[in-house]
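The values are calculated or read from the model by the stated rules, or taken from the named source; none is laboratory data. Note that the coordinates shown come from a computational prediction; the quantities given were computed from them, not determined experimentally. Cβ: placed from backbone, ideal geometry, glycine included. Neighbour counts: every protein chain shown. The protein model used for the area step is the full one, side chains on, heavy atoms only, and it has no ligands, DNA or RNA in it. Shrake-Rupley method; radii C 1.70, N 1.55, O 1.52, S 1.80 Å.
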Amino acid sequence: MAANNRRMSGKKGAQVGSGGKRRRSLEGKGPTPPAEMRKGHAKQRAAAAKARRAQGRTPQRRGGKGTSELVVGRNPVVEALREGVPASTLYVQQFIDNDERVREALQLAAERGGINLMEAPRPELDRMTNGLNHQGLVLQVPPYEYAHPEDLADAAADEGEDPLIVALDGVTDPRNLGAVVRSVSAFGGHGVVVPERRAAGMTAGAWKTSAGTAARTPVARATNLTRALEAYKKAGIVVVGLAADGEVELGELQALEGPVVVVVGSEGKGLSRLVGETCDFRVRIPMPGGAESLNAGVAAGIVLYEAARRRV
């Protein structure tokens, strides 16, 4: 009866055979780990970015991959291999005439290493290229692995530098993208941001124009460029848009001395409305010669030079 009363009393107490579970629960979880080990902390993200670079990889988080591409024809294939355009497979037509360009393509692919050499009948190459004049040579370029916009700012922070980033708004010519990548590399920038849609991507043409600098200068892809710029602003980075009718002249812009994202629009239309409204400053480049506009590669190069000059 006493045992029944004890069970019905509702009083809490240690249970027989607990094995010391309550005692262990009082011991705690130990000291708070350092910032570098706490998930989501800024120092943890910086440490992760540093580790990725130490392994020789471009930081990749959520940027995603592009699509594979085919370079078709003897001269284009040879030029792509000369310029270091990434390639996974070189397809060579069976019984092809072994001229100088074919020999050079085979030699370059062998010297590069990591490129598969595949012999294929002409009908198969016709099918792969949708009937283009491939001249017996087809080079497959693997999908480009884009960074995430946040990775570019993280990389700058890890180096103890103010971010210097270029964002492209409505630039559809891959050669302009390649030229911007080359300028960013030359003037110590931390990368380029492009929109996911209606914009040039890192194609073989962009790689060639970058003259090899795309191998060490990350390109990030943003699902929504306006939101990416707003995120940069929240992180304390000034967003500067280039516009022919900008309120501030380039030489007067003090923001270039600190963390900055330079937004370059298309040559014909300039900045889109939403992107222009997101910018902290709209800046014009003085042109005494009277030209109405500059292409994206030239405009970005001028601003990057001015930013690098002030930061020395």
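The rows are residues; the columns are (1) in contact with a helix residue (DSSP H, G or I) (Cβ under 7 Å, 6 or more places away or on another chain); (2) closer than 23 Å to T213 by Cβ; (3) open to solvent by less than 30 Å² (accessible area, probe 1.4 Å).
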{"position": "S88", "(1), (2), (3)": "no, yes, no"}
{"position": "D99", "(1), (2), (3)": "no, no, no"}
{"position": "P121", "(1), (2), (3)": "no, no, no"}
{"position": "V138", "(1), (2), (3)": "yes, no, yes"}
{"position": "P143", "(1), (2), (3)": "no, yes, no"}
{"position": "A157", "(1), (2), (3)": "yes, yes, no"}
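Taking region 202-216 on its own, how many of its residues are open to solvent by 20 Å² or more (accessible area, probe 1.4 Å) and part of a loop (DSSP other than H, G, I, E, B)?
Our first condition is that a residue be open to solvent by 20 Å² or more (accessible area, probe 1.4 Å); within region 202-216, this holds for 203, 205, 207-209, 211-212, 215-216.
With the extra rule that they be part of a loop (DSSP other than H, G, I, E, B), the set shrinks to 203, 211-212, 216.
So the count comes out to 4.
Given the criteria touching a residue at least 40 places away in the same chain (Cβ under 8 Å) and open to solvent by less than 30 Å² (accessible area, probe 1.4 Å), does A235 qualify?
Numbers: touching a residue at least 40 places away in the same chain (Cβ under 8 Å): yes; open to solvent by less than 30 Å² (accessible area, probe 1.4 Å): no.
It is false that A235 is touching a residue at least 40 places away in the same chain (Cβ under 8 Å) and open to solvent by less than 30 Å² (accessible area, probe 1.4 Å).
Name the strands (runs of 3 or more DSSP E) wholly within region 217-285 that hold at least 1 residues that are touching a Pro at 6+ places or on another chain (Cβ under 6 Å)?
On the way: elements: 219-222, 238-242, 260-265, 281-284.
The strands (runs of 3 or more DSSP E) meeting that bar are 219-222.
Kindly indicate whether V166 is open to solvent by less than 40 Å² (accessible area, probe 1.4 Å), more than 27 Å from V77 (Cα to Cα) and either within 14 Å of the chain's Cα centre (by Cα) or among the polar types (S, T, N, Q) (or both). Write out each step before concluding.
On the way: open to solvent by less than 40 Å² (accessible area, probe 1.4 Å): yes; more than 27 Å from V77 (Cα to Cα): yes; either within 14 Å of the chain's Cα centre (by Cα) or among the polar types (S, T, N, Q) (or both): yes.
Yes.
Pick from region 101-119 the residues that are in contact with a strand residue (DSSP E or B) (Cβ under 9 Å, 6 or more places away or on another chain) and without any contact (Cβ under 8 Å) to a residue 24 or more places away in the chain: which of them is surrounded by the most Cβ atoms within 10 Å (Cβ to Cβ)?
L106
Which one of E111, E79 is acidic (D, E), under 29 Å from V219 (Cβ atoms) and within 26 Å of the chain's Cα centre (by Cα)?
Numbers: E111 fails: within 26 Å of the chain's Cα centre (by Cα).
After ruling out the rest, the residue left standing is E79.
What tally of residues in region 81-97 results from selecting those that are within 20 Å of D126 (Cβ to Cβ) and in a loop (DSSP other than H, G, I, E, B)?
At the first step, the residues of region 81-97 found to be within 20 Å of D126 (Cβ to Cβ) are 89-97.
Now restrict to residues that are in a loop (DSSP other than H, G, I, E, B): 94-97.
Of the residues in region 81-97, 4 are within 20 Å of D126 (Cβ to Cβ) and in a loop (DSSP other than H, G, I, E, B).
So L274 passes all but one of these: (1) more than 23 Å from the chain's Cα centre (by Cα); (2) open to solvent by 60 Å² or more (accessible area, probe 1.4 Å); (3) of a type in the set (A, V, I, L, M, F, W, C); (4) more than 20 Å from A179 (Cβ to Cβ). Which condition number does it fail?
It is condition (1) that L274 fails.
I'd like to verify a number: residues in region 212-246 that are closer than 14 Å to I165 by Cα and among the small types (G, A, S), how many?
Residues flagged as closer than 14 Å to I165 by Cα and among the small types (G, A, S) within region 212-246 amount to 7.
Restricting to region 245-271, name every residue that is small (G, A, S) and surrounded by 15 or more Cβ atoms within 10 Å (Cβ to Cβ). Give the derivation first.
Taking region 245-271 as the starting set, the residues that turn out to be small (G, A, S) are 246, 251, 255, 258, 265-266, 268, 270.
Across region 245-271, the qualifying residues are G246, A255, G258, G265, S266, G270.
Of the residues in region 286-312, how many are in a helix (DSSP H, G or I), under 26 Å from A206 (Cα atoms) and open to solvent by 50 Å² or more (accessible area, probe 1.4 Å)? Give the steps one after another, and end with the answer.
Of all residues in region 286-312, those in a helix (DSSP H, G or I) come to 296-311.
In the following step, the residues that additionally are under 26 Å from A206 (Cα atoms) were identified as 296-308.
The next check asks that each one be open to solvent by 50 Å² or more (accessible area, probe 1.4 Å); those that pass are 298, 302, 305.
The number of residues fulfilling the criteria is 3.
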